[in-house]
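Report on one structure; see the data block that follows.
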Amino acid sequence: MKRTSLQRLFILPFAALLLFLAVSVGWLLYQTGQDATDALSQKVLADMMGGIDSAINRQLFDAGAALRVVAPDQVAGAANKSPTPIPFPASVGRLEERMWIASGLFPTVGSLISFTGVDGHFVGIRRIAANEFRVRLRGAGEGPTHLYRSRGPATEKILLEAEEYEPREQSWYLDAVSQRKDIWSPVFIDAVSSEPALMLARPVYDAGQDVLGVVARELSLRPLRDYLQALPMDKNGVAFVAEPNGDLVISSNSEGAFAPRNGAQNQHIRNNLKNVSAPFMRQSWQLVQTYLQRHREMAPVSDPVAASAASPPKPGKLIVGAFPSKYGQIEVAAQIHRDAAGLEWVAVVALPRSDFWGAVNSSVYKSLYLGLLVILLALLFGYAILRWVLRDIRKLTLAVRSIGSGRPFAKLNIDRQDEIGELAQSFQEMERNLRTDRLTSLLNRDSLIAQIEFRRRTDVEPHLFRFAVLFVDLDKFKQVNDHYGHDEGDRVLIEVGLRLQNTLRKEDEVARFGGDEFIVYLPGVADEESALAIAEKIYAVLNKPILMANGEHCQIGASIGGALYPADGLDLETLLKVADKRMYSVKKFGGLTFSSDD
């Protein structure tokens, strides 16, 4: 009886304690795994959407920039005065010259730049290959358009055929002339490439502000579609771009902007997301629409007219979230793109949480079973080990969050020889690769920008936050590569990085911008004199000879431009542009300057 009582006295409390510990450990591991999953999923979606955003903006910028080469923007006038128009070429030769320049500056294969005059005059240049063009010409009137083959500007044009084509009947021409502003056409199928495309059109005027005609640039959607299809995602994931009404523009799967019309050969209609064959794609778009509609309803607008036009989140705002659906939890990111010419797109990335993060959840469960086994073998010893494991996993979770927020990365201090130690070592290596330049071990550009933004956000006195940036460009680095070879060029870059680090203060940061360009971040530097003094020290250090492998000494030198926050700009992108401009001024005229009128 006593023996049974002793067993109950020890076994029952021991079993209850084991059960309590198992539940506690399981809950802690589950929460930690969910935190890590949320942090990583949001970062992956944000990175993927950032790449899509850059690809779209690059294509839109190229289209607009090509138009500005042929028909530059108006010069803003003084107060109460209308803008001053840039004179448009009066001769066909000058017009073609500008169009050839635009084709050379933006050499996308398949791209088209054209001018249509109100009098019927038409010039169109399409790049077919690197040195192969198709030129369409028509004089004033309504005659046929002549198609020529050309190798480039100032080369012989070989007539291929005459064709009937009236650009003044196209929607983009009519809209640009009637609205008297830059306008995007609806998406259409290009007759030459059979690829979806759209046209950016700009009206041009004479000195009396009468319309002379329309300059247009065709934007093919194929490069954007190829980019989406190359995104690294599971087979169930999808990325697409659509118009607000659901008309599909491009996607990462087989769905396209157009679908065959039922019963009609060689005829197509716009493909709407409510009609696509991929159910996961339809569900993702419904979730995005629900989010955008909820945003409109919640927008506080006092004016009824304005309320009816309440718009979704501003262009460029990233929407990231997890939404329930019949496919389980879906991780969705969406971003809106608008411009003054009337374009409005919604870019969406959607991934099933179960597919994408199954491996993470599996690892969490394995850790749970291991913890239970340790607890069963030895209560006290197992409990101590479990706390140790949880502490280190928590460190990894916080470290993952620090990458996304831009917080400076602190050392993990995880000195273990087991899987957690290998994971920590792999994580530190991954973080080093993400934040540093592989060659010089300096910070890379994105990491430096993230750290500056983090310091600005977390500064206790934002109105006193000041810093300076220096843009350093090596002067004779190309000659080093040409004379000594790229291996020696790499050694020079490493040596420059070491010299910069040894010259700067402990709190300063230096990053490799790319190639032979470096960025120096000087926190707390608020005046031109202090920044110039540091720039002069850097200039002197980089002008000292560098010993090459063959025993020769090489002197490379550097050009340095700088900018001050907030005097020269309120965001880092503007500051870098100002510093870069001043660096080129230094490279051209010499000296060091922080002057705002350079």
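The values are calculated or read from the model by the stated rules, or taken from the named source; none is laboratory data. All of these numbers come straight from a predicted model, not from anything done at the bench. Neighbour counts run over all protein chains shown; Cβ positions are idealised from the backbone, glycine included.
Quick rundown of the values:
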| item | result |
| --- | --- |
| Condition met for S178 (hydroxyl-bearing (S, T, Y) and either assigned to a helix (DSSP H, G or I) or closer than 17 Å to V70 by Cβ (or both)) | yes |
| Residue match in the stretch 231-240 (condition: acidic (D, E), under 30 Å from L351 (Cα atoms) and either assigned by TED's automatic domain parsing to the domain that holds M99 or touching a Leu at 6+ places or on another chain (Cβ under 6 Å) (or both)) | no |
| Residue match in the stretch 544-557 (condition: more than 32 Å from the chain's Cα centre (by Cα), within 24 Å of D446 (Cα to Cα), surrounded by 14 or more Cβ atoms within 10 Å (Cβ to Cβ) and touching a residue at least 40 places away in the same chain (Cβ under 8 Å)) | no |
| Members of the stretch 115-164 found to be closer than 21 Å to M199 by Cβ, part of a loop (DSSP other than H, G, I, E, B) and in contact with a helix residue (DSSP H, G or I) (Cβ under 9 Å, 6 or more places away or on another chain), listed by number | V118, G120, H121 |
| Residue in the stretch 253-270 that is modelled with the highest pLDDT, counting only those that are among the aliphatic types (A, V, I, L, M) and surrounded by 15 or more Cβ atoms within 10 Å (Cβ to Cβ) | A257 |
| Condition check for D508: assigned by TED's automatic domain parsing to the domain that holds I452, touching a Leu at 6+ places or on another chain (Cβ under 7 Å) and surrounded by fewer than 18 Cβ atoms within 10 Å (Cβ to Cβ) | no |
| Residue in the stretch 97-106 that is modelled with pLDDT of 65 or more, in the same structural domain as T155 (by TED's automatic domain parsing), out of contact with any Pro (no Cβ under 9 Å at 6 or more places or on another chain) and outside any helix (DSSP H, G or I) present | yes |
| Close pairs from the stretch 124-135: first closer than 17 Å to V215 by Cα and touching a residue at least 60 places away in the same chain (Cβ under 8 Å), partner among the polar types (S, T, N, Q) and surrounded by fewer than 19 Cβ atoms within 10 Å (Cβ to Cβ), Cβ under 8 Å, at least 6 apart | none |
| Test result for R202, within 23 Å of V69 (Cα to Cα), in contact with a helix residue (DSSP H, G or I) (Cβ under 8 Å, 6 or more places away or on another chain), of a type in the set (K, R) and not assigned by TED's automatic domain parsing to the domain that holds V348 | yes |
| Pairs where the first residue, in the stretch 283-300, is under 20 Å from V241 (Cα atoms) and the second is assigned to a helix (DSSP H, G or I) and at pLDDT 80 or above, C-beta under 7 Å, 6+ apart | W285/L273 |
| From the options D508, D490, residue that is free of Cβ contacts under 8 Å to residues at least 40 places away in the same chain and of a type in the set (D, E) | D508 |
| Set I449, I403: member being surrounded by 13 or more Cβ atoms within 10 Å (Cβ to Cβ), modelled with pLDDT of 70 or more, touching a Leu at 6+ places or on another chain (Cβ under 9 Å) and assigned to a helix (DSSP H, G or I) | I449 |
| So E243, is it exposed (fewer than 13 other Cβ atoms within 10 Å of the Cβ) and modelled with pLDDT of 85 or more | no |
| Any hit, the stretch 152-160, residues being within 30 Å of E344 (Cβ to Cβ), in contact (Cβ under 8 Å) with a residue 24 or more places away in the chain and not hydrophobic (A, V, I, L, M, F, W, C) | no |
